[in-house]
């Protein structure tokens, strides 16, 4: 009988659920748009329907052992309450208890970009790396940081929010209230607001500007924390492709001049579209390990 993690990914554009094996393979998944509006329960009901679709497809020779969730932040420690900036209906929403109640599973929640960091270190582009940042550049921009093989949490579990690093002095107003945040200048909705057309239709100049801003932010993190690697995912970054990554690397090379950060690299994430759900599964397996159970119970590392 194979154990599976029920993986849930909650973003500003879509919500998704899937089943992830103990080896990091996504076996079933389903998605739905993230509903707008002000009713928090309306969105939770939509999420519950996606979860039910996935659970109904559980293989007959498998059992679901845990629920892991990646969600935009900020949030309280452990995801007891979540307040994603790009989901206005959820402010202090008790996601962990609601999901645990509806699924009957132990439920573990963390920031979606921290989940990606776990996934990429587990079976993606950061396998074997002990010091790196993983980023999502999409509807929002977030990050997860691994130092000395450990995923950083911070005081309330929100470490790694690179999307709120200032990259343009007195730039556009961000949803967090500050001006010039990376998220306010380089996320999908911000690109559309700046250019007047969807990010998917961006010209090369916009792609290069976005890459430069991401590279600038990564360089600051690399110089601060002695990180040699940045793994970048998300629909904007991966959709912009080589033009984006060349610009990001050029900016990284320009700013990482101190001996320990010189040569730092920015690369595409290795898990592609499966990364967010594999990451959510990783959050579940890591959480189960804190209870002394599951496949990660005897593997401390970055997990």
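For the range 223-244, how many residues meet the condition of being under 20 Å from residue 121 (Cβ atoms), in contact with a helix residue (DSSP H, G or I) (Cβ under 7 Å, 6 or more places away or on another chain) and assigned to a helix (DSSP H, G or I)? Count: 1. Annotation: of all residues in the range 8-29 being within 22 Å of residue 44 (Cα to Cα) and out of contact with any strand residue (DSSP E or B) (no Cβ under 6 Å at 6 or more places or on another chain), the one that is surrounded by the most Cβ atoms within 10 Å (Cβ to Cβ) is 11. Of the residues screened, residue 69 is one that is in a strand (DSSP E or B) and within 15 Å of residue 15 (Cα to Cα). When 156, 134, 126 are checked against the criterion of being crowded, with 24+ Cβ neighbours inside 10 Å, assigned to a loop (DSSP other than H, G, I, E, B), on the phi < 0 side of the Ramachandran plot and touching a residue at least 60 places away in the same chain (Cβ under 8 Å), 126 stands alone in meeting it.
Residues in the range 251-264 that are touching a helix residue (DSSP H, G or I) at 6+ places or on another chain (Cβ under 7 Å) and surrounded by fewer than 16 Cβ atoms within 10 Å (Cβ to Cβ): 1 in all. Is the range 91-107 home to any residue that is part of a helix (DSSP H, G or I), closer than 30 Å to residue 177 by Cβ and out of contact with any helix residue (DSSP H, G or I) (no Cβ under 7 Å at 6 or more places or on another chain)? Looking through the range 91-107, at least one residue is part of a helix (DSSP H, G or I), closer than 30 Å to residue 177 by Cβ and out of contact with any helix residue (DSSP H, G or I) (no Cβ under 7 Å at 6 or more places or on another chain). The sole residue among 273, 217 that is buried (at least 22 other Cβ atoms within 10 Å of the Cβ), out of contact with any strand residue (DSSP E or B) (no Cβ under 7 Å at 6 or more places or on another chain) and more than 21 Å from residue 130 (Cβ to Cβ) is 217.
Of all residue pairs spaced 6 or more apart or on separate chains, those with beta-carbon atoms under 6 Å, a first member in the range 193-204 that is farther than 17 Å from residue 138 by Cβ and a second member that is surrounded by 11 or more Cβ atoms within 10 Å (Cβ to Cβ) are 204/243.
Here 53, 98, 49 are screened, and the one residue that is free of Cβ contacts under 8 Å to residues at least 24 places away in the same chain and over 19 Å from the mean Cα position of the chain (by Cα) is 49. Among the residues of the range 30-45, the ones that are surrounded by 15 or more Cβ atoms within 10 Å (Cβ to Cβ) and closer than 18 Å to residue 92 by Cα come to 5 in all. So is residue 266 in contact with a strand residue (DSSP E or B) (Cβ under 6 Å, 6 or more places away or on another chain), free of Cβ contacts under 8 Å to residues at least 60 places away in the same chain and not in a helix (DSSP H, G or I) or not? Yes.
Bear in mind that the values in this text are calculations on the coordinates, not laboratory data. The structure presented is a predicted model; accordingly, all values stated were derived computationally and were not measured. Every residue, glycine as well, gets a Cβ built from its backbone with ideal geometry; the counts of neighbours run over all protein chains shown.
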